[in-house]
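Here the structure comes first, spelled out in structure tokens, and everything after it is commentary.
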Amino acid sequence: MTPRSFLLTPELADYVRAASEPPDEVVADLVAETATLADRGDVPPTFQIAPEQGTFMQLLTRALGVRRAIEIGTFTGLSALCVARGMPGDGSILCLDRSEEWTAIARRYWERAGLAGRIELRLGDALPTLRELPVEETFDLAFVDADKTGYPAYVAELHPRMRTNGVVLLDNTLRGGRVLDPQSDDDRAIVELNASLAADPRWETVLLPVADGLTMLRKR
């Protein structure tokens, strides 16, 4: 499997996965089916989170006692599946995505995992959908893995909707190392965001070298 992290060699990535809790059959099949999209050139291979990142998110969800979560950018549903698995039986996650095609794959695997009852999917542009949600402290956990130029607006809209001590995870915040030499609007947007979040007193912030960079924010 191609490493999702530019910081790891294929051999070291294999070691990381071998030293983590292994994926079950549902996750393994979802990863394999999603990989066929990349093999056909339909999507970049980095669109899906790494299996070890999913395991981390499941563990974090369980450790934080998350009951309400939101995800912006669902793709084929691995991250939502992992978060839903980490929740208690009365937990729920709201997923926002634009693609009916990709999320149709997600729905099949959520059903297969017995988690469809915990996951609500809303199709459409994420930002207007997010702005339509009540401005109330609702969510314990948020995961953002969508258009990178949209990240600042997503973070701004999430803040009043997160509970105190709620955690926001932002994916791809190292941009394959291009944060040191931005090459695109996406790269520049993430560089600016990283700098602003580190100085924002509303959040406790750490950028972890997990996969392609995973920023963790805790609402103070």
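Below, the figures for the structure above:
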| quantity | calculated |
| --- | --- |
| Answer from Leu30, Leu60 - the residue that is open to solvent by 10 Å² or more (accessible area, probe 1.4 Å), under 23 Å from Gly117 (Cα atoms) and either basic (Lys, Arg) or assigned to a helix (DSSP H, G or I) (or both) | Leu60 |
| Selection within the stretch 63-85 - surrounded by 23 or more Cβ atoms within 10 Å (Cβ to Cβ), in a helix (DSSP H, G or I) and out of contact with any Gly (no Cβ under 8 Å at 6 or more places or on another chain) | Ala80, Val83 |
| Output for the stretch 120-140, where each listed residue is in a strand (DSSP E or B) and open to solvent by 20 Å² or more (accessible area, probe 1.4 Å) | Glu120, Leu121, Arg122, Leu123, Asp140 |
| Selected residue [open to solvent by less than 60 Å² (accessible area, probe 1.4 Å) and out of contact with any Phe, Trp or Tyr (no Cβ under 7 Å at 6 or more places or on another chain)] from Ala199, Ala195, Ala113, Ala189 | Ala113 |
| Looking only at the stretch 202-220, and only at residues there that are out of contact with any Gly (no Cβ under 7 Å at 6 or more places or on another chain) and assigned to a loop (DSSP other than H, G, I, E, B), the one that is least open to solvent (accessible area, probe 1.4 Å) | Gly213 |
| Single match in Pro3, Pro10 (criterion: surrounded by 15 or more Cβ atoms within 10 Å (Cβ to Cβ), at pLDDT below 95, closer than 23 Å to Leu214 by Cα and not hydrophobic (A, V, I, L, M, F, W, C)) | Pro3 |
| Hits in the stretch 38-57 (condition: in a helix (DSSP H, G or I) and open to solvent by 10 Å² or more (accessible area, probe 1.4 Å)) | Ala38, Asp39, Pro51, Glu52, Thr55, Phe56 |
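The values are calculated or read from the model by the stated rules, or taken from the named source; none is laboratory data. Note that the structure is a prediction, hence the values are computed from the model and not measured. As a convention, Cβ positions derive from the backbone with ideal geometry for all residues, glycine included, and neighbour counts pool all protein chains shown. Ligands, DNA and RNA are stripped out before the accessible areas are found, and what is left, the full protein with its side chains, is counted by its heavy atoms. Shrake-Rupley method; radii C 1.70, N 1.55, O 1.52, S 1.80 Å.
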